């Protein structure tokens, strides 16, 4: 059975394992809504009660369809990328409520990612979220980040309930520090009363080959309340649930969810065309085309040697 955490501000418990909806959407695997709905339904039927998404992910319909007719409580976290724009943040709140078919969004975050978390940039967005929280449209507000410094800034912000930091065993994707430095910032935030749920536990799929170690690294830390893991098939849902519940995993399930069933995926919106991944690909599978990295899947052997050299975390395995 999956471990849970009680969240006083929501007056409910959630599973520490959450479903990350980004990989199923148009930014990565491009699952049709019905296909994504099957993954969402498999997640809740296997006991997962926490789902993470964002306005940019394009997965609201996947989630809404997957939860149609499901009566048990499911906690949803989403994010707005509105910067210095309170009106846009308010529209994102309305969009989330409407598209997900809910009266309240339990958690909504400023989608900060790699930027500093400062009031001059994110203050108007946070103000919109706080007002929605006061109206009961949102349960808790906060921010998501790949930055150690941003975690520190959110820790001392009086209106922040939730911090969603990037953390994994190699520190892949952290923009301004090491994994150990991020863990120290997370612990301090947790001690200050912030709800912490982690992202990129598997490094965007880069650690699927060593997933047991990668998952233990995050889930064994008590000061991380929960972590969301991207899943794009019911088999991946079953593997993660069984592993984190301490249940046996059969050989066929292990085979269906192994690294060799993934593909290297490049996120155009993150790629800055630096060419570092191309120069570190020993198989000639990567090239720069019109200022963006592209992959030749016939040549890619999924070695993963390119990924540590992408500071933007634009390389994913799904």
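So here's what we get for this one:
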quantity	calculated
Tally, over segment 111-132, of residues that are within 14 Å of residue 158 (Cβ to Cβ) and surrounded by fewer than 21 Cβ atoms within 10 Å (Cβ to Cβ)	4
Segment 186-200: number of residues that are touching a helix residue (DSSP H, G or I) at 6+ places or on another chain (Cβ under 8 Å) and under 20 Å from residue 214 (Cβ atoms)	3
Test for residue 193: is it surrounded by fewer than 20 Cβ atoms within 10 Å (Cβ to Cβ), over 19 Å from residue 80 (Cα atoms) and in the same structural domain as residue 26 (by TED's automatic domain parsing)	yes
Identity of the residue in segment 126-157, in a strand (DSSP E or B) and touching a helix residue (DSSP H, G or I) at 6+ places or on another chain (Cβ under 8 Å), that ends up nearest to residue 198 (Cα to Cα)	145
Sole residue being assigned by TED's automatic domain parsing to the domain that holds residue 40, modelled with pLDDT under 95 and under 20 Å from residue 146 (Cα atoms), chosen from 230, 203	203
All positions within segment 196-221 that are surrounded by fewer than 21 Cβ atoms within 10 Å (Cβ to Cβ) and closer than 22 Å to residue 140 by Cβ	219, 221
Selection status of residue 160, crowded, with 23+ Cβ neighbours inside 10 Å, in contact with a helix residue (DSSP H, G or I) (Cβ under 9 Å, 6 or more places away or on another chain) and closer than 25 Å to residue 221 by Cα	yes
Listing of strands (runs of 3 or more DSSP E) fully contained in segment 1-76 that carry 1 or more residues being under 15 Å from the mean Cα position of the chain (by Cα), more than 25 Å from residue 203 (Cβ to Cβ) and free of Cβ contacts under 8 Å to residues at least 24 places away in the same chain	none
Residue satisfying condition, being assigned by TED's automatic domain parsing to the domain that holds residue 31, outside any loop (DSSP other than H, G, I, E, B) and either crowded, with 23+ Cβ neighbours inside 10 Å or within 17 Å of the chain's Cα centre (by Cα) (or both), within set 224, 186	186
Selection from segment 87-125 of residues that are more than 28 Å from residue 172 (Cβ to Cβ) and assigned to a strand (DSSP E or B)	105, 106
Within segment 271-299, tally of residues that are within 22 Å of residue 209 (Cβ to Cβ), modelled with pLDDT of 90 or more and in a loop (DSSP other than H, G, I, E, B)	5
Odd one out for residue 268 among (1) modelled with pLDDT of 95 or more; (2) outside the structural domain of residue 218 (by TED's automatic domain parsing); (3) over 24 Å from residue 171 (Cβ atoms)	(1)
Search result, residues across segment 244-270 that are touching a residue at least 40 places away in the same chain (Cβ under 8 Å), over 18 Å from residue 204 (Cα atoms) and assigned to a helix (DSSP H, G or I)	244
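Okay, residues lined up against (1) crowded, with 17+ Cβ neighbours inside 10 Å; (2) farther than 27 Å from residue 45 by Cβ; (3) at pLDDT 95 or above:
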residue	(1), (2), (3)
75	yes, no, yes
79	yes, no, yes
101	no, no, yes
140	yes, no, yes
145	yes, yes, yes
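The values are calculated or read from the model by the stated rules, or taken from the named source; none is laboratory data. No experiment lies behind these values; they were computed from the predicted model shown. A quick note on method: Cβ atoms are made from the backbone with ideal geometry, for glycine too, and the neighbour counts reach across all protein chains shown.
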